[in-house]
1. Please give the length that would be gained between THR36 and GLU111 if that part of the chain were fully extended, namely 0.36 nm times their separation in residues minus their C-alpha to C-alpha distance (nm, one decimal).
2. How high is the relative contact order of the stretch 3-104, in percent, with contacts defined as C-alpha pairs under 8 Å that are six or more residues apart?
3. Okay, helix-only estimate at 222 nm for the chain: each DSSP H run of n ≥ 4 adds -39500 (n - 2.57), divide by all residues, round to 500 deg cm²/dmol; what do you get?
4. What is the stretch 8-181's relative contact order, in percent, from Cα pairs under 8 angstrom and six or more apart in sequence?
5. Quick one: angle between helix 133-156 and the longest Cα principal axis of the chain, in degrees between 0 and 90, rounded to 10, please.
6. Just to confirm the number: angle between the C-alpha axis of helix 163-181 and the first principal axis of the chain, 0 to 90 degrees, nearest 10?
7. Compute the length gained on full extension between LEU138 and GLN165: take 0.36 nm times their separation in residues and subtract their Cα-Cα distance, giving the result in nm to one decimal.
8. If I histogram all Cα-Cα distances within the chain using bins 10 Å wide from 0, what percent of pairs lands in each bin?
Amino acid sequence: MAVKTEDKRVRRTKKAIREALLRIMAVKSVAQVTTTELCREADVNRNTFYTHYSAPEDVLAEVDEELLAELTEMIESGYHEGKVTLDMCRAIDASRERWVAVWHGNARLLERAIDLCCEQTLARWGTEGMTDADEGELFLRFITHGASGVVGSWLDGGCRMTPEQLSDLIERFVAVGRQAIAK
């Protein structure tokens, strides 16, 4: 059976709707977004919107899955090359609008992204050097939430550091913390 692909116009329309939602979510949560407002921002009519989605939350679910797939790919390829933090900082910098919306209007996705980072890191690091597995997992949650906070502050502050500087800072924080907890 052949895989059905979306035609170019559908992809373009859905992209316009997703990007419009992210622009709106930079200032308000998805629960506050109306379909009318979203259609106006995306420059599509309501019938077009309803052809693809039933509510703004459906658009957000699609954005969530897209971002998590990108994050998974970054983690998998970055770990092999030893530069996952740098790759993530560069990707966030390259699509700031999407990530500002995540930090400010999509706590559920942010938590899923943090969980994904923890799971992937735990699978690669294990609890190497940790006296107990539970402590190692808690440490990973601690540093992942901390790194998330640093990135959020960087975004809110206008990204004054380069992605390379930000990555270096996060890596130094992680290294110092890992040394302190590992035996």
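What follows is calculated from the coordinates using simple rules that are stated; it is not laboratory data. This structure is a prediction, so every number in the text was calculated from the model and none was measured. Neighbour counts run over all protein chains shown; Cβ positions are idealised from the backbone, glycine included.
1. That works out to 24.1 nm of additional length.
2. Normalised by residue count, the contact order of the stretch 3-104 is 33 percent.
3. Taking each H run of at least 4 residues, the total per residue is -25500 deg cm²/dmol.
4. 23
5. Computed tilt is about 50 degrees.
6. The answer is roughly 40 degrees.
7. 7.1 nm
8. Result, from short to long distances: 9, 32, 30, 19, 8, 2, 0 percent.
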